[in-house]
Amino acid sequence: MIQKVLIANRGEIALRVIRACRELGIKTLAVYSEADVQSLHVQLADEAICIGGPRSSDSYLRADRIISAAEIADVDAIHPGYGFLSENAKFAEQCESCNIKFIGPKSKSIRIMGDKSVAKDTVRKAGVPTVPGSDGPVESETEAVKIARKIGYPVIIKAVAGGGGRGMRIAHNDVSFAKEYHVARNEAEKAFGNGAVYIEKYIQSPRHIEFQILADTHGKVIHLGERDCSVQRRHQKLIEEAPSPFLNADLRKKMGKAAVRAAESAEYQNAGTIEFLVDAKGNYYFIEMNTRIQVEHPVTEEVTGIDLIKQQIRIANGEKLEFDQSDITWTKHAIECRINAEDPSRNFTPSPGTISLYYAPGGHGVRVDSHVYSGYTIPPYYDSMIGKLICFGSTRKMALQRSYRALSEYLVRGIKTTIPLHKAIMSDPTFIEGKATTAYMEDFMARTPTDLF
Ligand code: MV4
């Protein structure tokens, strides 16, 4: 039985895990960097251990120090949150070999899904639709051009070790292909130490729709529906919502079944996400699986009523899922706005510093997951997200109106944030009509005067 958990993370997700543990009667150990001494996760956990300097590479990425802390404090399990070591197969393996439960999938599943080409091949063999392209990594430029011609331009060149939009190049003809192929290989080699790439047909302006999976250690896999994450900028998501305004019940059912098959094909356990691209005609294609809890998980929690972090802990404990697919219903609509310490009028440059005044919205249908407070200083070392505003109601319209209302009472002084940008999007006809694709943000920024932010 898990009685004590080390949270190998910081910020709002560390708080989120501490809260779930509290409700389950589980003791918590926070780890923190020298930059996070004043952080709420350090204050709210039962115990806290400093694991190193401000930079992630000296603290939250130091598997050795985190496992030492786990052993000193005698924890039963480690929750990795998102980012940092959450999708590191070696870290999961180290936990397993030290007899500490890794609250996540087996290292084997992380490895399969970490190689984007192996992931694609694995789910395709299980009957899940994938984007037409090369069968696995391409071996030479000559072979690559042949495949590109066969599938037809435009094509996208993706790094096998990439993911989340890193290491992708688009080519429109033989000439640009030759150039982009080499750029992609060099970038992949530099960024991941692995230059292998694969090729796919490029889908124009798709929607990004992902399915939440829960899988127990007894072979049961269910999905909790989708999140539409099409509103993003440079592969950083800004808004996520559930259900997707684009899916009907029939498509949801088909994609949900495909998502479950994809998870099963990797013998997946715990919470995970299957990402699809969906084109204008409703064709859907698996692109990647995220083998961790995601930033946007509260959207699914609010529409299904299921606490995903508690489910992760229950699953790691070896307990059976307490519901069947037919028990899962979606009766509400939820929208999440990511509040970042960034200046949208200056190309989203980070805006770290001290928050002189902080007041978070509340009321019916409003949830704020945040770790900041009046007087808190945002360190420059980590990502810029300072909170998530999740608004929900019985209809999409209600969730939209509530989001605008809550954003209007959200006060963050002393730094720049994405709050004014979100207010503008919540009142934008294209977004309100549910027509946003992955091309939305670029278009929105081009036609919106930035002095609004
Ligand atoms: C694509 C694509 C078009 N065609 N693959 C970006 C994130 C990574 N997970 C995969 N991505 C894309 N893959 C094919 N074959 C377009 C994107 C893409 C995208 C995907 C999801 C959300 C936002 C995006 C923004 C630009 C491109």
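Here are some notes:
- Count - residues of the range 350-376 that are over 21 Å from residue 32 (Cα atoms), touching a helix residue (DSSP H, G or I) at 6+ places or on another chain (Cβ under 8 Å) and among the hydroxyl-bearing types (Ser, Thr, Tyr): 1
- Members of the range 119-147 found to be part of a loop (DSSP other than H, G, I, E, B) and surrounded by 18 or more Cβ atoms within 10 Å (Cβ to Cβ), listed by number: 128, 131, 134, 137, 138
- Scanning the range 324-359 for residues being part of a loop (DSSP other than H, G, I, E, B), closer than 26 Å to residue 450 by Cα and under 23 Å from the mean Cα position of the chain (by Cα) gives a total of 5.
- Residue in the range 148-156 that is under 19 Å from residue 279 (Cα atoms), in a strand (DSSP E or B), outside the structural domain of residue 439 (by TED's automatic domain parsing) and at pLDDT 95 or above present: yes
- Residue in the range 384-395 that is surrounded by 20 or more Cβ atoms within 10 Å (Cβ to Cβ), small (Gly, Ala, Ser), in contact (Cβ under 8 Å) with a residue 12 or more places away in the chain and closer than 19 Å to residue 293 by Cβ present: yes
- Filtering the range 221-263 to residues that are more than 13 Å from residue 210 (Cα to Cα), surrounded by 18 or more Cβ atoms within 10 Å (Cβ to Cβ) and more than 18 Å from the chain's Cα centre (by Cα) leaves 221, 222.
- Any hit, the range 58-77, residues being assigned to a strand (DSSP E or B) and either on the phi < 0 side of the Ramachandran plot or within 21 Å of the chain's Cα centre (by Cα) (or both): yes
- Looking across the range 83-100, the residues that are in a helix (DSSP H, G or I) and surrounded by fewer than 18 Cβ atoms within 10 Å (Cβ to Cβ) come down to 90, 93, 96, 97.
- Pick from the range 264-282, criterion closer than 18 Å to residue 163 by Cα and not in a loop (DSSP other than H, G, I, E, B), ranking: farthest from the ligand (Cβ to nearest atom): 272
- Those residues of the range 207-263 which are aromatic (Phe, Trp, Tyr) and in a strand (DSSP E or B), in sequence order: 211
- Scan of the range 159-216 for residues that are among the charged types (D, E, K, R) and away from the ligand (no atom under 16 Å from the Cβ), ordered by number: 174, 179, 185, 189, 190, 216
- Tally of residues being among the small types (Gly, Ala, Ser) and within 17 Å of residue 329 (Cβ to Cβ) across the range 228-258: 4
- Failed item in (1) assigned to a helix (DSSP H, G or I); (2) closer than 18 Å to residue 227 by Cα, with residue 402 passing the rest: (2)
- Residue ID - surrounded by the most Cβ atoms within 10 Å (Cβ to Cβ), chosen from residues in the range 148-168 that are small (Gly, Ala, Ser) and touching a residue at least 40 places away in the same chain (Cβ under 8 Å): 148
- Here residue 234 fulfils each of the conditions (1) more than 12 Å from the ligand (Cβ to nearest atom); (2) in the same structural domain as residue 253 (by TED's automatic domain parsing); (3) out of contact with any strand residue (DSSP E or B) (no Cβ under 6 Å at 6 or more places or on another chain) apart from (1).
- Checked against the criterion of being surrounded by fewer than 22 Cβ atoms within 10 Å (Cβ to Cβ), farther than 25 Å from residue 114 by Cβ and either more than 16 Å from the ligand (Cβ to nearest atom) or of a type outside the set (Gly, Ala, Ser) (or both), the range 283-294 has at least one qualifying residue.
The values are calculated or read from the model by the stated rules, or taken from the named source; none is laboratory data. Note that this is a predicted model, so its numbers are computed, not measured. Virtual Cβ from ideal backbone geometry, glycine too; neighbours counted across all protein chains shown.
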